[in-house]
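All remarks here apply to the structure that follows.
Values quoted throughout were computed directly from the atomic coordinates according to the rules given, and no laboratory measurement underlies them. These numbers were taken from a predicted model, which means no experiment stands behind them. Don't worry about glycine lacking a Cβ; one is built from the backbone with ideal geometry, like all the others, and counts go over all protein chains shown.
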Amino acid sequence: MDKIIIKGGRRLEGRIPISGAKNSALTLLPCALLTDEPLTLRNLPRLADVDGFGHLLNQLGVSTMIEGARPEDFGRVMTLRAGRLTSTVAPYDMVRKMRASILVLGPLLARAGEATVSLPGGCAIGNRPIDLHLKALEALGAEIELTAGYVRAVAPKGGLRGGHINFPVVSVGATENALMTAVLAKGTTVIDNAAREPEIVDLCRCLVAMGASIEGIGSEKLTIHGKDRLHGATYRVMPDRIEAGSYACAAAITGGSVDLVGANAEDMTAILDMLVQTGAHVEVKGDVIHVSASGRLKPVNISTAPYPAFPTDMQAQFMAMLALADGVSVLTETIFENRYMHVPELARMGADIQVTGRSAVVRGVDKLVGAPVMATDLRASMSLILAGLVAEGETQVSRVYHLDRGYERLEEKLQAVGADIERVGSD
């Protein structure tokens, strides 16, 4: 199993290209199930999760063809075609590794009238039930059965019909599944308390490019007028706001000066505002975000919440940065109840962090010291990379397959701006 070795203390300076968004790509890929015509996705990141989702779609009868990057993109171009579905079953062996696999449930049901999907896996960051997904499908007329670790959904004889879906809490995944199901249901569907994340907007825009009719894009109320069929399209995946935020933290924690090229600042307002509060300098010029810092950062208080508030996927990275701030910061995690698994690993490097319930008190220290640490989930992995960039001595990060799920060419991008970082095979 690979490890990442970092020798800390180098100031980062230069340009980092921002890849297509992992969380958006995993939502756009299952859209291919909604039509028998080709769907071409540009700017698709090279990630383990994207490859895994592609393999799952292959098992359902979707053909995939991959091309190299175009000059204006940093990722690949993939054309998917579900001319004829050969299966409506997403098996356990494929789904257990990646929670996003549950997103084939709605499209399969909408296109084929039935779907059987294993209960999902993914990072162990807390309880993430799929009950809201199932309630949304039931509101459109689906019959749901849970048996032997699988969800089976069947459309009624006359097909799915539009309905009213009112989510009691905001759920990104459930909103995505509801959208992809409703676009082929007969009549009109209204989704209240819909998630507003930029990745939801990206999904809506892709579906509209395929012929869907969706009103209220970007708001908490979505109105979908169902169509008999959708057609193919070519669509560019949005830039990854979490990757951009992570590298922004890398610039700030090392006292560096980095341009994030191809980023979208409009999707990152809460992240950039919080960076400025820490004392970092942020300047936006078109699709380039410049981040720089000097001296010790200031402490801040952060509470995660659904978009447009501060994202849970940036909590671990900011914690690593605030471990060296000049004062005491308080972070409150409101989304997932088990997302502080990186705290013991940061403590091994000298961080002073105390967790009580869903809050973490971070007392800034003068320095971090390199140590062997272990990644526990995707974003926790990045927090350890950030700590390693500034720690004295050598940091070894193991279980880096977590990083490969969400950060494209991580070592290459950091090496290009001056980091002493490399991937090595374990003994």
Which shape class, rounded, prolate or oblate, goes with region 22-236 when its Cα gyration tensor gives a ≥ b ≥ c as root eigenvalues, a/c under 1.5 marks rounded, and past that a/b bigger than b/c marks prolate? rounded
For the chain, percent of DSSP beta bridges that are antiparallel (nearest 5) comes out at 70 percent
Charge tally for neighbours of ASN264 with beta carbon under 11 Å away, counting Lys, Arg as +1 and Asp, Glu as -1, is -4
Say we join alpha carbon atoms closer than 10 Å with springs in a Gaussian network model of the chain; which of GLU394, GLU67, GLU197 then has the biggest fluctuation? GLU67
So if each residue of separation counts as 0.36 nm, and I subtract the Cα-Cα distance between ASP93 and GLN415, what length gain in nm does that give? 112.4 nm
From Cα pairs below 8 angstrom and at least 6 apart in sequence, can you work out the relative contact order of the chain, rounded to a whole percent? 21 percent
I want the local charge near CYS31. Using Cβ-Cβ distances under 15 Å, sum +1 for each Lys or Arg and -1 for each Asp or Glu among the other residues. +2
Overall form of region 367-427 per C-alpha gyration tensor (a/c, 1.5; a/b vs b/c): rounded
Sort the following peptides by mean Cβ neighbour count (other Cβ atoms within 10 Å, averaged over residues), highest first: 309-322, 86-99. 309-322, 86-99
Looking only at lysines whose Cα falls under 23 Å of LYS186's and that sit 8 or more positions away or on another chain, we get LYS135, LYS157, LYS221, LYS227
What is the gain in length, in nm to one decimal, between HIS225 and THR64 on full extension, counting 0.36 nm per residue of separation less the C-alpha to C-alpha distance? 55.1 nm
Within the set THR35, THR189, THR269, GNM on the chain using Cα springs under 10 Å gives the largest fluctuation to THR269
Any idea what the relative contact order of region 22-236 is, in percent, if you count C-alpha pairs under 8 Å spaced at least 6 apart? 20 percent
Answer with one residue from ALA305, VAL369, VAL237: the one whose Cα lies farthest towards the positive end of the charge dipole of the chain, charges on Cβ with Lys, Arg +1 and Asp, Glu -1. VAL237
Would you please give the FRET efficiency between ALA305 and ASP131, computed as 1/(1 + (r/R0)^6) with r the Cβ-Cβ distance and R0 = 22 Å, to the nearest 0.05? 0.60
Take the Cβ-Cβ distance between GLU37 and VAL261 as r, set R0 to 35 Å, and report the resulting FRET efficiency rounded to the nearest 0.05. 0.60
So what is the 222 nm mean residue ellipticity for the chain from helices alone, if each DSSP H run of at least 4 adds -39500 (n - 2.57) and you divide by all residues, rounding to the nearest 500 deg cm²/dmol? -8000 deg cm²/dmol
Excluding residues fewer than 8 places away in the same chain, name every one of the lysines whose C-alpha is closer than 18 Å to that of LYS22. LYS97, LYS413
Could you compute the FRET efficiency for ARG15 and GLU143, with r as their C-beta to C-beta distance and R0 at 56 Å, rounded to 0.05? 0.60
Packing-wise, with mean Cβ within 10 Å as the measure, how do 1-7, 369-375 rank, highest first? 369-375, 1-7
Check which residues have an amide H placed less than 5 Å from ARG236's amide H, if you skip close sequence neighbours. ARG42
5 angstrom amide H check on MET374, placed H, neighbours 5+ away: SER398
Quick one: 3J(HN,Hα) in Hz for region 344-352, Karplus 6.51/-1.76/1.60 with θ = phi - 60°, rounded, Gly and Pro as x. x, 6, 5, 5, 4, 9, x, 5, 10
Distant-in-sequence amide H partners of GLY187 (H built 1.01 Å from N, under 5 Å): GLY162, GLY226
Just GLY245, GLY216, GLY75 to compare: in a GNM of the chain, with alpha carbon springs under 10 Å, which one fluctuates most? GLY216
Pair THR269, HIS290: separation of 7 Å Cα→Cβ label points (nm): 2.4 nm
With a point put 7 Å past each Cα toward its Cβ, work out how far ASN166 is from VAL369 in nm, to one decimal. 5.8 nm
Cβ-defined net charge surrounding LEU184, 13 Å radius [Lys, Arg +1; Asp, Glu -1]: +3
Can you tell me how region 275-427 classifies by the Cα gyration tensor, rounded, prolate or oblate, using a/c under 1.5 as the rounded cut? rounded
